Amino acid sequence: MKGERLDKVLARLGLGSRKEVARLVRQGKVRVLGQVVKDPGFRVPEGAALEVEGRPLEVRRHLHVLLHKPPGFVTSRTEGPSVYALLQGFPTRDLSPVGRLDKDAEGLLLFTTDGLLLHRLTHPRHKVAKRYLVHLERPVGPKDQEAFREGILLDGKKTLPAELTPLEDPTWAEVVLKEGRFHQIKRMFRARGNRVLRLKRLALGPLELGDLPPGKARPLTEAEEKALYAAVGLGGEDPEDEV
């Protein structure tokens, strides 16, 4: 029978991991075309109406997963320990990371099955903001803030204007970038004679890390997905048709 597995469809719609949605299905809480289906491997006909606990679902084409990356994991399939080991229950073969975080960095890491969305989120032309919490070897001050606003010369080219906001303890700061060069934040502070001790990504565009525990992953909600597509000028309903 043609069609996609029911548990895979439900996971992509943000109802939980494959294991979690399979439990919903076995409990008889899912209907396909008005009929209760208790087999997670049931093949869903294309365009079929779905309900969970009596609530109609809007079928989405792509899956987007937000991970709270802990330190010590690499954003790679071939090296380890890999962030993909933390995506249990999700179809890791189909998911690609939106940018990278260094092994010692932590925080928000987004994965998607939508190649066009990934391109737009990572291309400097779209200037998608990324917000980080940074712990530094020495305090930062107004001159550092001015340097970040004006851009810092890296590899012969100035960085785009960035926001640097010292916190109450000025060895801690928030940084907002609209590009993503190799080890950019570490190199920018190094150019200012400072050293990054800890780096945590808090937000990517409209997405916030929130209270997601380290090492845990979840699908984006429908509202988060729409906001993400809107941030890069895509409709979200059928982004592959966009130019």
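Which one is farthest from the chain's Cα centre (by Cα) among residues in segment 119-160 that are of a type outside the set (Ser, Thr, Tyr) and modelled with pLDDT under 90?
Looking at the filtered set, the residue picked out is Arg125.
Does any residue in segment 139-162 that is touching a residue at least 24 places away in the same chain (Cβ under 8 Å) and in the same structural domain as Leu197 (by TED's automatic domain parsing) come within less than 6 Å, Cβ to Cβ, of a residue that is of a type in the set (Gly, Ala, Ser) and part of a loop (DSSP other than H, G, I, E, B) six or more places away or on a different chain, and which pairs are these?
The qualifying pairs are Phe148/Ala162; Thr159/Gly151.
If I go through segment 181-205 residue by residue, how many of them are in contact with a Lys or Arg (Cβ under 7 Å, 6 or more places away or on another chain) and small (Gly, Ala, Ser)?
Qualifying residue count, segment 181-205: 1.
Looking at segment 11-40 only, could you name the residues that are basic (Lys, Arg), touching a residue at least 24 places away in the same chain (Cβ under 8 Å) and part of a loop (DSSP other than H, G, I, E, B)?
Lys29
Where the second residue is crowded, with 20+ Cβ neighbours inside 10 Å and among the aromatic types (Phe, Trp, Tyr) and the first is under 17 Å from Thr159 (Cα atoms) and at pLDDT 95 or above and lies in segment 177-201, which pairs have Cβ atoms under 7 Å and are six or more apart or on separate chains?
Hits for this filter: Ile185/Tyr132; Met188/Phe148.
When only residues in segment 84-124 that are part of a strand (DSSP E or B) and among the hydroxyl-bearing types (Ser, Thr, Tyr) count, which is surrounded by the fewest Cβ atoms within 10 Å (Cβ to Cβ)?
Applying the filter and picking the extreme gives Ser96.
Looking for whichever is β-branched (Val, Ile, Thr), surrounded by 14 or more Cβ atoms within 10 Å (Cβ to Cβ), in contact with a helix residue (DSSP H, G or I) (Cβ under 8 Å, 6 or more places away or on another chain) and in a loop (DSSP other than H, G, I, E, B) here; the options are Val175, Val128, Val134. Which one fits?
Val128
The values are calculated or read from the model by the stated rules, or taken from the named source; none is laboratory data. Since this is a predicted model, take the numbers as computed values, not measurements. All Cβ positions, even for glycine, are placed from backbone atoms using ideal geometry, and neighbour counts span all protein chains on display.
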